[in-house]
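The values are calculated or read from the model by the stated rules, or taken from the named source; none is laboratory data. What you are looking at is a predicted structure, and each value in this text was computed from that prediction instead of being measured. Here Cβ is always computed from backbone atoms with ideal geometry, including for glycine, and neighbour counts include all displayed protein chains. Only protein heavy atoms, including side chains, enter the accessible area calculation; ligands, DNA and RNA are left aside. Shrake-Rupley method; radii C 1.70, N 1.55, O 1.52, S 1.80 Å.
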Amino acid sequence: MKKSRGLAKRLKKERESLGLSKTDVAKEMGFSNYQTLSYIENGSREVKAWELFKLAKIYGRSPEHFYRTPQTEPLVLWRKEPGAKENPLLKRRFLELCKRYQRLLELTEEEDSEPELALSVPSKAQLLKDPLEYSTRLAEDYRRLLNLGGSPALSLVEVLESHAGVKVIFLEMGDAGSGASTVDGFGKAILINSSDAPWRRNYDLAHELFHILTWDLISPKAHFSEAGKPPVEKWADAFASVLLLPEREMKAEFSKRVQNKKISYLDAVEMARDFGVSTEALLWRLANLRVLRRQKVQRALEEGEIKDTDRKRRRSDWDTERPYLSKRYVTLAIKAFQLGKLSKAKLAEYLDVPFSEVSSFMRRRGFDEEEDYSTEFGAT
């Protein structure tokens, strides 16, 4: 690979932007000392192809990134816990996966379909007049629009990806937060922490969807507050609650389980499991629907007995494999490979797995590397 002062400067800038020392990167690269990296960054030593690929992975970039004209990165809104720190490497990885997702749609000639949102996105004036009423109506409209049924959490990921033009990515986020959202040239995208409980992932997905739908209506500054939870986050919570817990279905299911005007803690937990949400989210939704008293819900949660029941009943829910990227992303990548649009090496890059593990990765998901998936039915 030819020497390039421009490439050398960009490699140095990428490392420094992540706060990584030369020693840290040299160790990950397998260099005997940091001087080798110094020579690469000052342009006195050419970068080998494999070195560029490895540096790109360390810096959360694609190799092609270092030859493109620098561009302003898209805004990413993070849902963070108090004290959580933003992870710039995770942000880069998320945005890179969004671009790859869009590229896979193009390679496989699949459309990133999107429903007509006119009925679901009223004006900014309507939002500011009564945010909670707006959030409730938006959730009800969107649930009907996407035909999510009585238990939306169980199909939300697939429906958003297949029918709403929303790219969903699952990654381990560490302490960077539980979710994030962005909108750019590659479309709308949501990042969810794969390490979280399944019911929390469902809720966070619905929460981030609110931010996607109101992206052009709410200023990014409104998402940040130094004193408590920003109002916009409360609106997103209200949206998620109404979207995932439809009033009619909730009341009907509650009525089935009530005896002598009481519902057992066990039945409440089972209801939450059926709807794919946390027990706490379900209880507060029932309180908002005025079928449970808020004071009793608060007391039950503070006393902790219902939380103990919840933990015991939900142990089996953790046995399923945690999501990675998304089923649709993985399927598109493998389809592109089978169509000859991606090499095996490129497939490994898109799936972020070692080249030697691509075959086993495919087998675990029901694909055979040698099988021909091009056979088609003729439509009438």
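Structure summary
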{"read-out": "Fluctuation leader among Ser343, Ser32, Ser264 - the chain, Gaussian network, Cα springs under 10 angstrom", "value": "Ser32"}
{"read-out": "Set Lys12/Lys54; Lys80/Lys251; Lys54/Lys346; Lys13/Lys80 screened for pairs whose C-alpha atoms are more than 23 Å apart", "value": "Lys80/Lys251; Lys13/Lys80"}
{"read-out": "Nearest-10 value in Å² for the accessible area of Phe94, using the 1.4 Å probe", "value": "0"}
{"read-out": "Whole-percent carbon and sulfur share, accessible surface of the chain, 1.4 Å", "value": "49"}
{"read-out": "Highest to lowest packing among 63-72, 124-133, 98-107, scored as the average C-beta count within 10 Å", "value": "98-107, 124-133, 63-72"}
{"read-out": "Theoretical gain in end-to-end length, Asn147 to Ala49 [0.36 nm per residue, Cα-Cα removed]", "value": "30.4 nm"}
{"read-out": "The chain, dipole about Cα centre (Lys/Arg Cβ +1, Asp/Glu Cβ -1), debye to the nearest 20", "value": "1060"}
{"read-out": "[x] 53, 49, 47; [y] 91, 52, 37; [z] 80, 60, 45, with the label sought being that of the calculated Cα extents along the principal axes in Å", "value": "[z]"}
{"read-out": "Selected from Thr309, Thr108, Thr320 as most flexible by GNM, with the chain as the system and alpha-carbon contacts under 10 Å", "value": "Thr320"}
{"read-out": "Stretchable slack from Lys221 to Asp372, in nm (0.36 nm times residue separation minus alpha-carbon distance)", "value": "49.3 nm"}
{"read-out": "On Cα atoms only, tilt of 49-58 relative to the major axis of the chain in degrees", "value": "30"}
{"read-out": "Highest-MSF residue in the chain out of Thr36, Thr214, Thr279 [GNM, Cα springs under 10 Å]", "value": "Thr36"}
{"read-out": "Spin-label pair Lys234/Gln259, simplified geometry with 7 Å Cα→Cβ offset, distance in nm", "value": "3.9"}
{"read-out": "Per residue solvent-accessible surface (Å²) - the chain, probe of 1.4 Å", "value": "54"}
{"read-out": "Label point distance in nm, Lys251-Gln126, each placed 7 Å from Cα along Cα→Cβ", "value": "2.3"}
{"read-out": "Mean residue ellipticity (222 nm) of the chain, computed from DSSP H runs ≥ 4 via -39,500 (n - 2.57), nearest 500", "value": "-15500 deg cm²/dmol"}
